[in-house]
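The values are calculated or read from the model by the stated rules, or taken from the named source; none is laboratory data. Just so we're clear, the structure is a prediction, and the values are computed from it rather than from any experiment. As a convention, Cβ positions derive from the backbone with ideal geometry for all residues, glycine included, and neighbour counts pool all protein chains shown.
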Amino acid sequence: MITLSKDTLAEIEKAAAKYPDRNSAIMPGLWAAQREFGHLSPEVIEAVAIAVGVPKAKAQGLATYHSLYWKKPVGKYVIMLCTNVACTLMGAETMLAHLEKKLGIHEGQTTPDGKFTLMEVECIGSCGYGPALVVNETFYYDLTESGIDAILAKY
Amino acid sequence: MEKILLKNVDVPNINDIDVYIAHGGYMSLDKMLSMDSKDVLEEVKRSGLRGRGGAWFPAGMKWQFCVEVDRWPKYLIANADEGEPGTFKDRPFLEKDPHQLIEGMIVSAYAIKASGGYIYLRGEYPDAYRIMNAAIDQAYAKNLLGKNIKGSDFSFDLAVHSGAGAYICGEASALIESLEGKRGQFRVRPPYMATHGAYGRPTVVNNVETLVNVSHILNRGAEWWSSIGTKESPGPKVFGISGHLNKPGLYELPMGVPLRELIYEHGGGIKGGKKLKAIIPGGVSTSLLMPEHLDIKMDVKSLQEAGSAIGSGATMVMDEDTCIVHIIWRAMGFFCHESCGRCTPCREGTDWMVRILGRIENGQGRMEDLDVLADVCHTIHHNCFCPLGEGAVMPVLSSLKYFRHEYEEHIKGQRCPKGLKARERH
């Protein structure tokens, strides 16, 4: 049985107060728990369900529905590379190949040292500045292979 | 043209409410409070404002439906789940001028007498989440949100709800399901959102850019606003142009700007002096256009007549070296990933089409695959509850119409002429 931290529980209560129905606090609860634990294991999802006061299946259903809730452990830095149409037109696939080679992993995998997870994602709203990627919450635009090397060196 | 919607985005510290007010911000609230809510509604109706998320439904009419319902409370929701590939127009409003959206929402809520509001924000914009929340806190501190706004009897609460990565949640009823803590799946109408929306209450869901226009309409009048753009598609619009352009980016222009001007003047023309091959005019769910369409105007009617749609105004431009099959394969990968799985034709059809397009791209296609693709499209079309499947069909059918020879070339030559591959994707 996993216990959510006081801060996470407080965040859930703060969120719940914004809605006329506590069910609406499941998503904010999952976000808060993901910030605390790094990813949403079935036990963490259950803890969120208990804190909100909803059946576990409801929380599980939401966690599995959304791309940005990590259901498996991820690296310290999650690299999300957009390969949707606008970014692909600008060379996102070359960037993906470069990232895979540089990190020695395939898309969807985490480096053995647990530092980087590489994900190919759908549109991240950076279409005019592609190819683009996000490292955790920081956006990088107009990517080139040498630009990617410089980005990786920062982390 | 004069910048109206994006005029503040480069102003330093505009996210600070005092700076925003010093630049004329929240002015429309005084005018609003001096007016009856009915008159605010009338002003927006007279402006001809249409929904800028992609459906272009008249905003005033949508509000009217909600106003006519005598059940309380009512909700106003800003759809900030910008997810249509190619679209990045709402991001500056959310990250670089948050008070403009809040102001637009307050006026809109006043018109429909909503007491509660939410901004349903896509999870991919974490900066916007922090910025919008900070701006909302500032607006509360100045009594521009909350109880008895500016001492009036009008009260309006506003909060941000963060999505977590699901394209379908940009569809109004799926968005409401998601806000309510359910999986974001389409609701069968009727009942409509205007009568039974969020929490079963009368609700209006408007796109961010639609709401942002409202305070300007009130400040400067419907006549002034509708003098911009065309008669049936009035007002300013932020066009996001991307792809093989010299100057891709966001451009605020009047509705009805010719496609040629958008691409060659504002976008600076095709990169490397190459030839234009095709255009996706309104996000990936809209049909391809060809160079012969360059003289059409970017408005609702003209694009419809050209067999496409203006959608979100997200224009993606492809040069002569683009492999159409590859692009359509990638677009279909998106629809397949984002299909919510509820309607069989969309769930299964998008998956089949990814496989078929992928094998054509990889040189293993058969001529009859082209008929199968068209057949799957016709099975999805009109047989699904929500527009996601309809959107998935558009790029395929239009590419078969304009670029059938390119598909055939892949099949006959048993390879992609550009040497590209369709990857295994998860």
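Sort through B:Gly53, B:Gly25 and tell me the only one that's at negative phi and in contact with a His (Cβ under 7 Å, 6 or more places away or on another chain). Just one listed residue meets the conditions, B:Gly25. The lone criterion from (1) free of Cβ contacts under 8 Å to residues at least 24 places away in the same chain; (2) touching a strand residue (DSSP E or B) at 6+ places or on another chain (Cβ under 8 Å); (3) crowded, with 23+ Cβ neighbours inside 10 Å left unmet by A:Tyr129 is number (3).
If you go through the stretch B:388-426 and pick out every residue that is in a helix (DSSP H, G or I) and under 18 Å from B:Glu338 (Cβ atoms), you end up with 9. Total residues in the stretch B:396-426 satisfying the condition of being within 14 Å of another protein chain (Cβ to nearest Cβ), free of Cβ contacts under 8 Å to residues at least 24 places away in the same chain and surrounded by 13 or more Cβ atoms within 10 Å (Cβ to Cβ): the figure is 1. Looking across the stretch B:100-134, just one residue is surrounded by 24 or more Cβ atoms within 10 Å (Cβ to Cβ), small (Gly, Ala, Ser), part of a helix (DSSP H, G or I) and over 21 Å from the mean Cα position of the chain (by Cα), and that is B:Ala111. Remark: pairs (first residue in the stretch B:224-247, over 28 Å from B:Glu320 (Cβ atoms); second residue β-branched (Val, Ile, Thr); Cβ separation under 7 Å; 6+ apart in sequence or on different chains) = B:Trp225/B:Ile217; B:Glu232/B:Val300; B:Ser233/B:Val300; B:Pro234/B:Ile228; B:Gly235/B:Ile228; B:Pro236/B:Ile4; B:Pro236/B:Ile228. All conditions but one from (1) away from chain A (no Cβ under 14 Å); (2) more than 26 Å from B:Asn8 (Cα to Cα); (3) in a helix (DSSP H, G or I) apply to B:Pro191; the one that does not is (3).
One residue alone among B:Val300, B:Val257, B:Val238 is more than 17 Å from A:Asn84 (Cα to Cα), within 15 Å of the chain's Cα centre (by Cα), among the β-branched types (Val, Ile, Thr) and more than 14 Å from every other protein chain (Cβ to nearest Cβ), and that residue is B:Val300.
Of these, A:Thr83, A:Thr144, A:Thr88, which one is at pLDDT 95 or above and either more than 27 Å from B:Val317 (Cβ to Cβ) or away from chain B (no Cβ under 12 Å) (or both)?
Numbers: A:Thr83 fails: either more than 27 Å from B:Val317 (Cβ to Cβ) or away from chain B (no Cβ under 12 Å) (or both); A:Thr88 fails: either more than 27 Å from B:Val317 (Cβ to Cβ) or away from chain B (no Cβ under 12 Å) (or both).
The conditions single out A:Thr144.
Given the condition of a type in the set (Ser, Thr, Tyr) and in the same structural domain as B:Val40 (by TED's automatic domain parsing), answer yes or no: does some residue in the stretch B:281-295 qualify?
Here is the first cut: in the stretch B:281-295, the ones of a type in the set (Ser, Thr, Tyr) are B:285-287.
Narrowing the set further to residues that are in the same structural domain as B:Val40 (by TED's automatic domain parsing) leaves none.
For the stretch B:281-295, residues of a type in the set (Ser, Thr, Tyr) and in the same structural domain as B:Val40 (by TED's automatic domain parsing): absent.
Tell me the strands (runs of 3 or more DSSP E) entirely within the stretch B:202-298 that contain at least 1 residues that are of a type in the set (D, E, K, R).
Fully inside the stretch B:202-298 and qualifying: B:236-243, B:249-254, B:276-280.
In the stretch B:61-82, the residue that is surrounded by the fewest Cβ atoms within 10 Å (Cβ to Cβ) out of those that are within 14 Å of chain A (Cβ to nearest Cβ) and among the hydrophobic types (A, V, I, L, M, F, W, C) is B:Trp72.
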